[in-house]
Amino acid sequence: MTKTIIANWKMALSLAKSLDLLKKFKVELESLPTKHRLVVCPDFLSLGYLAALKGEQRTFPFFLGAQTAGHLQFGALTGEIASANLKKIGLTYLILGHSDRRQVGETNDLIKEKMLISLKNKLRPIICLGEEKKQSRAKTNLFIEKQLTEIFLKLTNSDLKKIIIAYEPVWAIGSQQACSPQQAKQVHGLIKDFFRQKYQTAPAVVYGGSVNGHNASRFLSQENIDGLLVGGASLSWSQFKKIIN
Ligand code: PGA
């Protein structure tokens, strides 16, 4: 079954390394396509560079996404970037509410506004959520339900088709301690039930947090896990190749 695999490069690479890695992904995937839907989210400077390319150089065997955007259409938001401009340069996806962003103050309310403006601009938002620390299943469920209730109000069915939810337990991100595939499956089920009860349909839900070439297939084989959000292991083609294969 086709899954969505998202590479989040964060701010990990120099511009030169990021462009080299994009070229590597392009060349390798053109010669050996994958059945999965791939989304690569480099930093803004790399995206700007790609936007300036012409013709064939500008086509990629994967979708491009950004890692955040502002909550207004345009306006006085120093240092922010407009969803409308990201759409204009050919992006399809937009990660929102990543725990790195929540750590510098993003709230569920702000993430909701960013999601609405990204939908208005026809970008597909990938909304991250997840509990901060390891805790009982009941506490985790309550925490996730609160995040869902605060962010996903008043959506249309067509919005829901565009949204992807990324379940990323914060304690599992960058820690080499992925959560168990069983826990991910249970939380993904909870997320899907939340939407089915409210909207009769559920968006795709992907798992993120210390995914690598060894554990990826254990997540991808679970019911309700529609793909992966990969940080560290997406920074090397050899690692990423193991994940998508
Ligand atoms: P990780 O990061 O795969 O390095 O844990 C995931 C993420 O931050 O989205």
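Using only Cα atoms, what is the ratio of the radius of gyration of the chain to 2.2 N^0.38 Å?
Numbers: Rg = 17.1 Å, N = 245, 2.2 N^0.38 = 17.8 Å.
The chain yields a ratio of 0.96.
Mind giving me the FRET efficiency for residue 217 and residue 23? R0 is 22 Å, r the Cβ-Cβ distance, nearest 0.05 is fine. Each step should come with its number before you reach the end.
Details: r = 27 Å, r/R0 = 1.24.
After rounding, the FRET efficiency stands at 0.20.
At a Förster distance of 51 Å, what's the computed FRET efficiency of residue 56 paired with residue 141, Cβ-Cβ distance as r, to 0.05? Provide the component values of the computation, followed by the final result.
Working: r = 49 Å, r/R0 = 0.95.
Efficiency, rounded to the nearest 0.05: 0.55.
So how far apart, in nm, are the two label points at residue 161 and residue 89 if each is 7 Å from Cα heading toward Cβ?
2.9 nm
Can you compute the FRET efficiency between residue 76 and residue 120 using 1/(1 + (r/R0)^6), with r the Cβ-Cβ distance and R0 = 22 Å? Round to the nearest 0.05. Display every interim value, and only then the final one.
Details: r = 19 Å, r/R0 = 0.86.
Once the sixth-power term is evaluated, E becomes 0.70.
Taking the square root of 5 times each eigenvalue of the Cα gyration tensor, what semi-axes in Å does the equivalent ellipsoid of the range 1-107 have, largest first? Walk me through the intermediate numbers first.
Numbers: eigenvalues 120, 53, 36 Å².
Semi-axes, largest first: 24, 16, 13 Å.
Testing the spin-label approximation: label points 7 Å from Cα along Cα→Cβ at residue 16 and residue 176. State their distance in nm.
Between residue 16 and residue 176, the label points sit 2.9 nm apart.
Compute and list, largest first, the equivalent-ellipsoid semi-axes of the range 66-120 from the alpha carbon gyration tensor, each √(5λ) rounded to a whole angstrom.
On the way: eigenvalues 59, 30, 22 Å².
Here the semi-axes work out to 17, 12, 10 Å.
Once both labels are modelled 7 Å past Cα along the beta-carbon direction, what's the residue 199-residue 44 spacing in nm?
Each label point lies 7 Å from its Cα, and together they span 2.8 nm.
Just rank 237, 9, fewest to most, by other beta-carbon atoms within 10 angstrom. It would help to have the intermediate numbers written out before the result.
Working: 237 14, 9 21.
Going from sparsest to densest Cβ surroundings: 237, 9.
Pull up the cross-link candidates among the aspartates and glutamates for residue 114, meaning alpha carbon to alpha carbon under 15 Å and not fewer than 8 places away within one chain.
Within the straight-line cut-off, residue 114 pairs with 80, 106, 150, 159.
What is the distance in Å between the Cα centroid of the range 197-224 and that of the range 144-174?
Spelled out, the Cα-based centre of one part sits 13 Å from the other.
Subtract the Cα-Cα distance of residue 237 and residue 107 from 0.36 nm times their separation in residues, and report this length gain in nm to one decimal. Intermediate values should be presented prior to the final figure.
Working: separation 130, 0.36 × 130 = 46.80 nm, distance 3.34 nm.
Using 0.36 nm per residue and subtracting the Cα-Cα distance, I get 43.5 nm.
If you take all C-alpha pairs in the range 131-184, what percent of them are over 15 Å apart?
On the way: 809 of 1431 pairs.
So the pairs more than 15 Å apart make up 57 percent of the total in the range 131-184.
Laboratory data are not the source of any read-out in this text; all were calculated from the coordinates shown. Since the structure is predicted, the reported quantities are computational estimates derived from the model, not experimental observations. Because the Cβ atoms are built from the backbone with ideal geometry, glycine has one as well, and the counts that use them run over all protein chains shown.
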